[in-house]
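Following: one structure in structure tokens, then a few remarks.
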Ligand SMILES: [Zn+2]
């Protein structure tokens, strides 16, 4: 495939702390040779591993963005052994708009990998991350939260991998991150995600879900800040052992199949029966779906199809047919 048209306005191989921009072509009505700037920070010192930490893959997920801004300000190059690459607002147009999807091309950035140098803005940027940044990396973590639509118990998230050695190394990284939960997932449509791109390149990689509801949750921010530094300690880029959070070691869980999701069968307003984090039982009421278009009809009751921990709930009130309203996790 052709090379990337993206230009990094810093030296990815340089030493010290560099705060710069990626210049991504963006042709507009009033600026045919226009470019969109995406912030990037690189800290490097001596020899050692390279860790890429990313946030703002989705613009309405805030814990990761703020944790990486904090890291960009507070990390000193002399603390580092190796290299840290930070993209605190990776899909910058979506971050600036506070939206999941791009206001430029309507794309979900995490459905654009491995990207296309001749594609839309999001595809060009995804191609650069995949082809120019990932090959430099030994470890990668992409920080997500539930966004406007969902609220999720703070978790490191890894894919169920067929290679047992990679699975062990991934779980060790998740233990080090130290979120209250480590979730091993077989995801809906994982292929075009950054996490899957990193896995295809043999990089030990994690994603995460660190809250949601389109707001910045202070407790989850503290978990994310500690976790980001813990990943650097685990990689050997920072000295010292990973810090354990006040809730203790991470609880390993899984969402084993689609039977652990509750989906809305029709459009409506979702009234949940239980708050996030409730222990729920198969067959118990999950909530009711109200249909404003039919005032004479009863709300539609939905039930859980599995027993476990209510790991993810619908946050926004309005749902469309096919949207998940609850996801249940069970211990691994
Ligand atoms: Zn996300």
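What follows draws every value from the coordinates through simple rules; no lab data is involved. Everything quoted here is computed from the prediction, not taken from an experiment. Cβ: placed from backbone, ideal geometry, glycine included. Neighbour counts: every protein chain shown.
Maximal additional length on extending the residue 70-residue 97 stretch stands at 7.6 nm, based on 0.36 nm per residue less the C-alpha distance. Compared with the dominant Cα axis of the chain, that is its longest principal axis, helix 164-177 is turned about 90°. Reported to the nearest whole Å, the Cα centre-to-centre distance from the stretch 12-29 to the stretch 181-229 is 24.
As a proxy for reagent exposure, ranking 157, 51 by other Cβ atoms within 10 Å from fewest up yields 157, 51.
Highest mean first, the peptides 138-144, 196-202 sorted by other C-beta atoms within 10 Å per residue fall in the order 138-144, 196-202. Out of every Cα-Cα pair that the chain contains, those further apart than 29 angstrom amount to 38 percent. Between residue 215 and residue 291, full extension at 0.36 nm per residue minus the direct alpha carbon distance yields a gain of 24.6 nm.
Ranked by the mean number of other Cβ atoms within 10 Å per residue, highest first, peptides 104-113, 314-323, 88-97 order as 88-97, 104-113, 314-323. Placing dummy labels 7 Å off each Cα toward the beta-carbon, the span from residue 160 to residue 132 is 3.7 nm. The simple spin-label model puts a point 7 Å past each Cα toward its Cβ; for residue 258 and residue 281 those points are separated by 2.8 nm. In the elastic network of the chain, a GNM with C-alpha springs shorter than 10 Å, the most mobile of 35, 54, 254 is 35.
Computed packing ranks the peptides 239-249, 175-185, 281-291, 5-15 as 175-185, 281-291, 5-15, 239-249, most packed first, by mean other Cβ atoms within 10 Å. Contact order for the stretch 258-331, expressed relative to its length and based on alpha carbon pairs under 8 Å spaced 6+ residues apart, stands at 43 percent.
Cβ-to-Cβ counts within 10 Å put 37, 134 in ascending order as 37, 134, the fewest first.
Remark: 83, 330 ranked as 330, 83, counting other beta-carbon atoms within 10 Å and listing the fewest first.
When DSSP beta bridges are limited to those with both residues in the chain, what percentage is antiparallel, rounded to the nearest 5? Bridges in the chain are about 65 percent antiparallel. Among 29, 130, 116, which one shows the biggest mean-square fluctuation in a GNM of the chain, springs joining Cα atoms closer than 10 Å? Between 29, 130, 116, it is 29 that shows the largest mean-square fluctuation. Pick from 294, 274, 151: which residue has the top mean-square fluctuation in a GNM of the chain where Cα pairs under 10 Å get a spring? It is 294. I need the shape label for the stretch 40-188. Rule: rounded when a/c is under 1.5, else prolate if a/b > b/c, else oblate, with a, b, c from the alpha carbon gyration tensor. Rounded, since a/c falls under 1.5. Summarising the label geometry, the points placed 7 Å from Cα in the beta-carbon direction at residue 233 and residue 330 lie 3.4 nm from one another.
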